[in-house]
Amino acid sequence: MSQAITAAPEITLGRTDYGLILQQVSFEYAGVRILEDVHLAIPAGQFVCLLGPSGCGKTTLLRLIAGLETPAAGAITSHGESVTGPSLERGVVFQDYSLFPWMSLRENVSLAIAKARPAMTQAERQIQAEEYLQLVGLQDAWRKYPGELSGGMQQRGAIARTLALGSPVLLMDEPFGALDPVNRVKLQDLLLAIWSGSERKKTVVFVTHDVEEAIYLGDRIIMLGAAPGRIIDDITVDFPRPRARHALLDSREFQALRGRVAAKFHEDLIRRLEAETAIHGVAEGI
Amino acid sequence: MNVSESKVIPVSAPLPAKAAARVAPGTQPATALVLRILRGREGWLFLAGLLLLWQLASTHLHLSSKYLFPTPWVTLRALWVSLPELLKGTVSSFIILVPAYLLAVFAGIAWGLLVGTTPALHRMFAAFARLASPVPPTVYIPYAIALLPTFRTAAGFVVFIGVFWPVFLNTTSGAAALPQRYRDNARILGLKKGEYLWRIVFPAALPHIFSGMNVGLVFSFIMLTVAELFGASAGLGRFVQYYADYADYPRMVAGILYTGLVVLLAIELLERLKKRALFWVK
Ligand SMILES: Nc1ncnc2c1ncn2[C@@H]1O[C@H](COP(=O)(O)OP(=O)(O)OP(=O)(O)O)[C@@H](O)[C@H]1O
Ligand SMILES: [Mg+2]
């Protein structure tokens, strides 16, 4: 069920059977260390969930993988190629689901299609854009502009846009955070269908705060600790697929997994609190 | 608080809507009715008051010759009889103003978008812009008239300068203020520079661009009418200057009023355009 924390250090950068390889990646914002020594090899087609407390660096890690930021130390490869900047190979759903507000939903999605499949005519693009919007349940809203939509609808629009890119790697930052339970369940299953349905399974890195979501969706859960962000646990989730949601949530294995995640969080929290007390202790001494 | 408020505010002071509503029940029904009718039309009330003041001043204040200070009625008649001439002047002015304005808006936006998104270009151009943009374009007028072949090109040039800077500066700051998340999205989608400027930076900067165009519009009329004082044979500024020289003050005042009206219309037109273009702004 679980494996060692250090994620296979023998795996070398550039292996093409791995979707993503991060080797000793560190990152700083203005001299403050945000991520430290993140070492992670993700086989192609694996669904990885990223769990961690707020501010621990999940978004930052995703931005690094996307190529929007450059590591301070270490290196990242995607399907064997070094990541030096953003690429259509890696689609991103941002945490703040930033659709362009001056474009209608359909224009937003069709812009992504135009970039991913430049040979298509405008009419074909629009039809396909509507199909992607239908996937996320927005078929009636294609004319609307982001400002006219609820947060959850905007988030679904952003998901449709990223899915439309058809990238082999999907980086998703709390994509279902603003959704109501019904749409959340629908989109989880949609994502699983798209992930396993394509001829070559996509590699997914999925950030969430929801432990149940992580266990239901993922092949593997990477837990990040805070200050600085680093991997504190690497859990393999080997429930057979397709997973039956209710049976899974009731199972003893599920409860055990959830207990393990909670214990790890607690451990990290205690460690940080102790570190803070130590600092205060020193300060009182002065 | 309530009591002291209604006591302290003098009747003539503009009442905030809430206070007016609170006062209304206590006052005569007729007064309340008048107050209700007037709400939202205060601007017209002020204009009417101004007109009345003008009328009284021109008939009762024998400060100077009545020719120098015509009554509203005399001015209106002057406006009516000079309407054909004013319309011809408008055409003559617009032949210079419209192309120069459009060209300056186009150049200001294009160059502003490029400079705002290209740090090296920004560093190169910023010092010059800081130096050149605050120079009031009116100072170029005599030189432009001397330098350029016709009065029209000279006036057009000055209008261009007057419009270019506000549009350029606003576009640049709008482009530079592009929220990070739009930039990230554009990078993820792999937009090329041209597409990026046209489909992302330009619409995102539109609110800034419109305020530049608005300032530029007012400037363009100032530049043009001032330029026309120097050497035009027709035009709105020329009209006012001409009748001032011949001491035909009713026509001169009519010309001023008419020019104000034209500028007002132009601004209103731009405002409509802005509303349409920025429908997505919340
Ligand atoms: N642009 C930035 N400049 C400076 N510091 C930043 C910047 N962006 C993020 N940080 C810092 O980096 C740390 C990690 O931020 P990040 O957004 O990756 O957290 P997160 O794990 O995604 O949190 P959340 O769950 O709340 O989304 C935080 O302490 C944050 O303050
Ligand atoms: Mg985040």
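Laid out as a table, the results:
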read-out: Candidate set: region A:88-97, residues that are within 14 Å of ligand 1 (Cβ to nearest atom) and at the interface with chain B (Cβ under 8 Å from one of its Cβ atoms); chosen: the one farthest from B:A186 (Cα to Cα); value: A:D96
read-out: Meets criteria (open to solvent by less than 30 Å² (accessible area, probe 1.4 Å) and under 28 Å from the mean Cα position of the chain (by Cα)) for B:F168; value: yes
read-out: Yes/no for A:L88 being crowded, with 23+ Cβ neighbours inside 10 Å and more than 29 Å from A:L269 (Cβ to Cβ); value: no
read-out: Members of region A:214-229 that are within 16 Å of ligand 2 (Cβ to nearest atom) and outside any helix (DSSP H, G or I); value: A:I222, A:M223, A:L224, A:G225, A:A226, A:A227, A:P228, A:G229
read-out: Pairs, first within 16 Å of ligand 2 (Cβ to nearest atom) in region A:26-51, second assigned to a strand (DSSP E or B) and among the polar types (S, T, N, Q), C-beta under 6 Å, six or more apart; value: A:L35/A:S26
read-out: Residues of region A:78-87 satisfying the condition of being within 10 Å of another protein chain (Cβ to nearest Cβ) and either farther than 14 Å from A:P168 by Cβ or part of a strand (DSSP E or B) (or both); value: A:G85, A:P86
read-out: Hits in region B:174-201 - residues which are open to solvent by less than 60 Å² (accessible area, probe 1.4 Å), facing chain A (nearest Cβ under 9 Å) and not aliphatic (A, V, I, L, M); value: B:P179, B:Y182, B:D184, B:N185, B:G190
read-out: Conditions (1) part of a helix (DSSP H, G or I); (2) open to solvent by 30 Å² or more (accessible area, probe 1.4 Å); (3) at the interface with chain B (Cβ under 8 Å from one of its Cβ atoms): number failed by A:Q128; value: (3)
read-out: Test: B:V281 is open to solvent by 20 Å² or more (accessible area, probe 1.4 Å) and within 14 Å of another protein chain (Cβ to nearest Cβ); value: yes
read-out: Complete set of residues in region A:142-169 that are within 13 Å of chain B (Cβ to nearest Cβ) and either under 15 Å from the mean Cα position of the chain (by Cα) or among the aromatic types (F, W, Y) (or both); value: A:Y145, A:A158, A:T162, A:S167, A:V169
read-out: Flag if B:V158 is modelled with pLDDT under 95, open to solvent by less than 40 Å² (accessible area, probe 1.4 Å) and in contact with a Phe, Trp or Tyr (Cβ under 7 Å, 6 or more places away or on another chain); value: yes
read-out: Hits in region B:99-133 - residues which are at pLDDT 95 or above, open to solvent by 60 Å² or more (accessible area, probe 1.4 Å) and out of contact with any helix residue (DSSP H, G or I) (no Cβ under 7 Å at 6 or more places or on another chain); value: B:L102, B:F106
read-out: Selection count, region A:36-77, where residues are within 15 Å of the chain's Cα centre (by Cα), within 14 Å of chain B (Cβ to nearest Cβ) and open to solvent by 10 Å² or more (accessible area, probe 1.4 Å); value: 4
read-out: Subset of region A:145-178 [outside any helix (DSSP H, G or I) and within 16 Å of ligand 1 (Cβ to nearest atom)]; value: A:L171, A:M172, A:D173, A:E174, A:P175, A:F176, A:G177, A:A178
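The values are calculated or read from the model by the stated rules, or taken from the named source; none is laboratory data. Since the structure is predicted, the reported quantities are computational estimates derived from the model, not experimental observations. No Cβ is skipped: glycine too gets one built from the backbone with ideal geometry, and neighbour counts run over all protein chains shown. The area values use the complete protein model at the heavy-atom level, side chains included, leaving out ligands, DNA and RNA. Shrake-Rupley method; radii C 1.70, N 1.55, O 1.52, S 1.80 Å.
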